[in-house]
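Readers should treat all values here as calculations from the given coordinates under stated rules, not as data from a laboratory. Worth saying up front: this structure is predicted, and the values here are computed from it rather than measured. Neighbour counts are summed over all protein chains in view; Cβ atoms, including those assigned to glycine, are modelled from backbone coordinates with ideal geometry.
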Amino acid sequence: MLIIGNGRLLTLDPEAPYQEEGGVVIEGDQIVAIGPTRKLQETYPEAEFLDAGGRIIMPGMTNTHMHLYSTFARGMALKDPPPTNFLEILERLWWRLDKALTLEDVYYSALLPLIECIKCGTTTILDHHASPRAVRGSLEAIARAVEEVGVRTCLAYEVSDRDGPEIARKGIEENVEAIKKYRNREGLLSATFGLHASFTLSDETLALCREAAEELGCGFHIHVAEGIQDVEDALERSGKRVVERLADKGILGPRTIAAHCVHVTEREIGILRDTGTMVVHNPESNMGNAVGCAPVGEMLAAGVIVGLGTDGYTCDMFESLKVANVLRKFVSGDPSAGWQEIPTMAFTNNTRILQAFYPRPLGRLIPGAYADIILVDYEPPTPFTGENWYGHLLFGFHGGRVNTTIIGGKILMHNRELLHLDEAAIAARARKLAQKVWERF
């Protein structure tokens, strides 16, 4: 048993989001109590004590759409002309990179961003993987990395027809095996059924995926209307827009994540709401790919559950929070926009989304929740209260301020030092592998 105390306790529990002084009691991988430090020490005299030293004690940040496999793209030069639209970005970069990955590449390209997650305080991610020439065993390779590093991760393989029916079949099988092994069990790992996007999936493949998912009782994790090309393809295939086509094919529902939803209409927003489909906004990625900005205000106002992710652009969710905030203001032309929507996405809706994949609460410091906790170096320059905590977090926090990261009750980083991994050795091996990937690319 461990008490983390003597800190400013930001629980993110809507009923009591902040205590000026407090602590958390951990037993195994879950929180058993919160409260004033002295009272906790009196109640649990046998517990070890970790002194937060006045730091912020808060839940780890969560990322509901991530691509670990994108790691080896960092610093890589394209020999083709620069892409001019989203489809060319996929064709000239991502669909060539994923084909160049071996199982060892998959493993190492997961290790490094998972380590980055620890260092910037992101304790849970929903990953979305592709490696068409190394499909079988790829999710297990990521699972090995997850267990070694210790970041809570939901696995998914993105099924696609772009590499032919045999690769699509292998992708379906990879999802099924991971879901059977990891879903609805305790521990770091979970799994769901990954799909790439409507424009790379035939009606026949969607039907096979739906049938497999129905037998497993799960939903999907799929890119939806990220670029306008997805919309154009859906209209050409079916005479319907992306959300309409996916709804007709039985892909949407309360266990499905529709990542992006940049190009959706009012009618499609209504379908997302009525089906209970969850959406994840990825502001940095959308800006970087120049695809537009999702109508997050309209979706939230309509009652759609919209969470916040990074699409692999960063591991730092504090960074994503800041970008989501300024993008909302810029697009709307309203300097007050986003003030309620962004924390709702990051701290309320991400928690709701994760309930579909894990048996206990995440993103809250409450009894019964997973003990995924970070300590943040932050000395407030102005009063810090239960009413204004978000203003402090938005403008004062970043991943580099994270001092300590605890996931599942295990201290993985303390005083900015990783306690269980040799990051330099892992990075050295990754660099050698990345060079070979670039050559194959």
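Extension gain for Glu232 to Glu211 (0.36 nm times residue separation, less C-alpha to C-alpha distance): 4.9 nm. Using C-alpha pairs below 8 Å separated by at least 6 residues, the relative contact order for the range 61-354 is 17 percent. Taking the chain as the reference, fit the longest principal axis to its C-alpha atoms, fit the long axis of helix 228-238 to the helix C-alpha atoms, and give the angle between the two in degrees, 0 to 90, nearest 10. Long axis of 228-238 versus the principal axis of the chain: about 50 degrees. Across the chain, the convex hull enclosing all Cα atoms gives 133 Å³ per residue. Between the C-alpha center of the range 300-379 and that of the range 42-67 there is a gap of 18 Å. By the rule of a C-alpha distance below 16 Å, with chain neighbours fewer than 8 residues away ignored, the lysines paired with Lys180 are Lys170. Can you tell me the 0 to 90 degree angle between the C-alpha axis of helix 266-275 and the longest principal axis of the chain, rounded to 10? Between helix and principal axis, roughly 60 degrees.
Extending 7 Å from the Cα toward the beta-carbon at both Met1 and Glu91 defines two label points whose distance is 6.3 nm.
Distance between the pseudo-spin-label points of Asp203 and Gln41 (7 Å out from Cα toward the beta carbon): 7.0 nm.
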